[in-house]
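Presented below is the structure to which this report refers.
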Amino acid sequence: VFLTARGRRFLKQRDFKVNENPKSCLYLRGQKTTPDVTQLLKDLYDMRKPLGTMLNRRRQDMHPMDDVSVVERLCTTRDMSLFCFGSSSKKRPFRLIFGRMFNQELLDSQEYSIVNYVPRSQFKKAAPVQIGAKPVVVFQGAGFDLNEELRQAKLLLLDYFRGPKAEKLSLMGIESAVVISAIDSPGEGEAPKMLFRHYRLNFRKSGTKVPRVELEELGPRFEMTVDRCKTPDPSRWKSALQVPKETKQKKEKSIFTNALGEKRGRLYMDQQNFEKIYTPHYHLKGTAKKRRKEADAASTKEAQSTVTSHTDGEFSA
């Protein structure tokens, strides 16, 4: 197949990379959506700008939990690694689906039932967050470690909200925090529930080097319950977790960390010749060496004369 230069650049951009691009999300609407579903999708899209694309067209043939082929095709066409799907039906009046892609195929997804939704438009007092700012993501509750569905939800939501990878981090550059709390003891037969909150971080003077942090709610606010989930295939999950060899840090020789976390090293040096080492008296090195030789010669001559005198006395006796 003949490819143009533009086509080769396009395929090279889609090819596997050692350092991946930031993950973008595709926002989709189902056949029926209420105003709350549409507004929640817009709120989530605003939180991830500019790493996202929202399609406002309703699609009748899209059911991600039953047939994911349409979603895979749309994500592959637009080079998206995440998708967020919202819809409404008689059985599920307010549902939201998060999913991840790997190698242009679905990796895993979860469906949530949303209740008590409050849009961002009702939180007008809080100042907006800068576009592209990286938030702090907090998961609180023992359920994220004990419940298998919540453990998968934690990985999925963390991958969604964390944004691009940052090499350096400034304290004053952190403007918002996403807090997801798990209800520790749901009732019998009830699905695990999570509370979603979004706050702005305001730094105030505290009289010390560490500022005092005040939280101001930004919205949206809602409660989400795990309804259905698709767990990843073990072989695909193992492939998705592989790390390229180029990104692994090479082990440094003769360097170790002690029990206190301090970095220590060991140096190996050749035998030192102090005659060739530079010192502040380097310019007097030749004179001092000459004087030392003269002193050694004089002491040797004196010793020899003393021995000769002793031998002469013995013969005279």
For this session: Write down the radius of gyration of the stretch 104-204 and its Dmax, each obtained from C-alpha positions, in Å.
Result: 15.7, 46
Exercise. How much accessible surface area, in Å² rounded to 10, belongs to the heavy atoms of ARG59 with a 1.4 Å probe?
Worked result: 40 Å²
Exercise. Hey, could you pull the Cα Rg and Dmax for the stretch 49-107, both in Å?
Worked result: 11.7, 34
For this session: For the stretch 24-33, take each phi angle, set θ = phi - 60°, evaluate the Karplus expression 6.51 cos²θ - 1.76 cosθ + 1.60, and give the result in whole Hz per residue in order, putting x for glycine and proline.
Result: 9, 10, 9, 9, 10, 10, x, 5, 10, 9
For this session: Working from Cα positions, state the angle (0 to 90°, nearest 10) between the long axis of helix 5-14 and the longest principal axis of the chain.
Result: 90 degrees
Problem set entry | Rg over Rh [alpha-carbon atoms, Kirkwood Rh] for the stretch 171-243 | 1.16
Exercise. Long-range amide H contacts for VAL136: which residues qualify at under 5 Å (H placed 1.01 Å from N, peptide plane, sequence gap of 5 or more or a different chain)?
Worked result: SER176, ALA177, VAL178
Seminar exercise, completed: Under 5 Å from the placed amide H of LYS193, counting only residues 5+ away or on other chains, we find ILE183
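Give me the Kirkwood hydrodynamic radius of the stretch 1-124 in Å, from all C-alpha pairs, to one decimal place?
Values: mean 1/r = 0.0633 Å⁻¹.
By the Kirkwood definition, the hydrodynamic radius is 15.8 Å.
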Exercise. Considering amide H positions built from the backbone, and no H for Pro or chain starts, which residues 5 or more places from MET54, or on another chain, come under 5 Å of its amide H?
Worked result: TYR27
Problem set entry | Portion, in percent, of the accessible area of the chain that falls on carbon or sulfur, probe 1.4 Å | 52 percent
Exercise. Can you list, largest first and rounded to whole Å, the semi-axes you get for the stretch 33-80 by taking the square root of 5 times each eigenvalue of its Cα gyration tensor?
Worked result: 20, 16, 8
Exercise. Could you state the number of Å between the C-alpha centres of the stretch 104-140 and the stretch 224-244?
Worked result: 21 Å
Exercise. Helix 69-78 versus the longest principal axis of the chain: what angle, 0 to 90°, nearest 10, using Cα atoms?
Worked result: 50 degrees
Exercise. Thinking of the chain as a set of Cα atoms, what percent of all their pairs are more than 24 Å apart?
Worked result: 69 percent
Exercise. Relative to the longest principal axis of the chain, what angle (0 to 90°, nearest 10) does the C-alpha long axis of helix 285-316 take?
Worked result: 30 degrees
Seminar exercise, completed: In nm², the average projected area of the convex hull spanned by the Cα atoms of the stretch 135-277 is 17.2 nm²
Seminar exercise, completed: Rounded to the angstrom and largest first, Cα extents along the principal axes for the stretch 128-176 equal 34, 23, 17
Problem set entry | Accessible surface, the stretch 24-157, averaged per residue in Å² (probe 1.4 Å) | 50 Å²
Seminar exercise, completed: The Kirkwood hydrodynamic radius of the stretch 85-135, taken as the inverse of the mean 1/r over all distinct Cα pairs, in Å, comes to 14.2 Å
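The values are calculated or read from the model by the stated rules, or taken from the named source; none is laboratory data. Only a predicted model underlies this, so the values are computations on that prediction, with no experimental measurement involved. We work out accessible area using only protein heavy atoms, side chains counted, and drop any ligands, DNA or RNA first. Shrake-Rupley method; radii C 1.70, N 1.55, O 1.52, S 1.80 Å.
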